[in-house]
Amino acid sequence: MEWTVHDERIVYDSAWVRVAVADVSFEGGRVPEHHVVRVTAQVAGAVVFDPQQDAVLMLWRHRFITGSWGYEVPAGRIEAGEVPLEAAAREVLEETGYRPGVLESLIRWHPSQGLMDQTFHSFVTESSAHIGAAVDAHEAERIEWVPTTEVARMIDAGEIVDGFTVVSLLAWLRRRGA
């Protein structure tokens, strides 16, 4: 059944996020206060795979919000005027110092569509060229090539917990038939 939005009142608004309270109804019911998060920029990133090393380029970084360290694939906000593919290529270069080769669409999803309107766009490449140091050096403690044989084990062990990274890597492993 489709829900009908009767009203949406903004509670908080910034350049990054808008929080609203929506008055919605559906057949047989009504939810007068459903909280909604509107995200001003979507996210794009990429799995950068090197077939010669049989490894994936990853960032080891700290996330203050969860107070945790973990591996992540390069990803970030899609800037105004960019398409997701351009943003993914830019984020890989800025965060790692590697220019990705041809990027192919891997998967697109909404991470929490019952609460927010954010969309994630993930790409994959099997080639890259090291250009120099990462422009956004503050993004990661270190940048390293993680062996493909370790990726699924690390997800299972909770060593990779970032949602964008987990979904991207699982989609990539499925595509590879792993």
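Worth pointing out:
- Considered as a group, the residues in region 32-59 that are farther than 29 Å from GLU104 by Cβ and of a type in the set (D, E, K, R) include one that is surrounded by the most Cβ atoms within 10 Å (Cβ to Cβ), and that residue is ARG38.
- Residue within region 92-108 that is assigned to a loop (DSSP other than H, G, I, E, B), surrounded by 14 or more Cβ atoms within 10 Å (Cβ to Cβ), small (Gly, Ala, Ser) and in contact (Cβ under 8 Å) with a residue 40 or more places away in the chain present: yes
- Taken together, GLY29, GLY67 contain a single residue that is farther than 22 Å from SER122 by Cα, surrounded by fewer than 12 Cβ atoms within 10 Å (Cβ to Cβ) and either in contact with a helix residue (DSSP H, G or I) (Cβ under 9 Å, 6 or more places away or on another chain) or assigned by TED's automatic domain parsing to the domain that holds VAL135 (or both), which is GLY67.
- Which listed residue, of GLU150, GLU72, GLU82, GLU141, is free of Cβ contacts under 8 Å to residues at least 40 places away in the same chain, touching a Lys or Arg at 6+ places or on another chain (Cβ under 8 Å) and not β-branched (Val, Ile, Thr): GLU82
- Residue within region 26-43 that is under 15 Å from the mean Cα position of the chain (by Cα), of a type outside the set (Val, Ile, Thr) and under 23 Å from ILE155 (Cα atoms) present: no
- One residue stands out in region 151-165 among those that are buried (at least 16 other Cβ atoms within 10 Å of the Cβ) and assigned to a helix (DSSP H, G or I): the one that is nearest to the chain's Cα centre (by Cα), namely PHE164.
The values are calculated or read from the model by the stated rules, or taken from the named source; none is laboratory data. Keep in mind the model is a prediction, meaning the values are calculated, not measured. We place every Cβ from the backbone using ideal geometry, glycine too, and count neighbours over all the protein chains shown.
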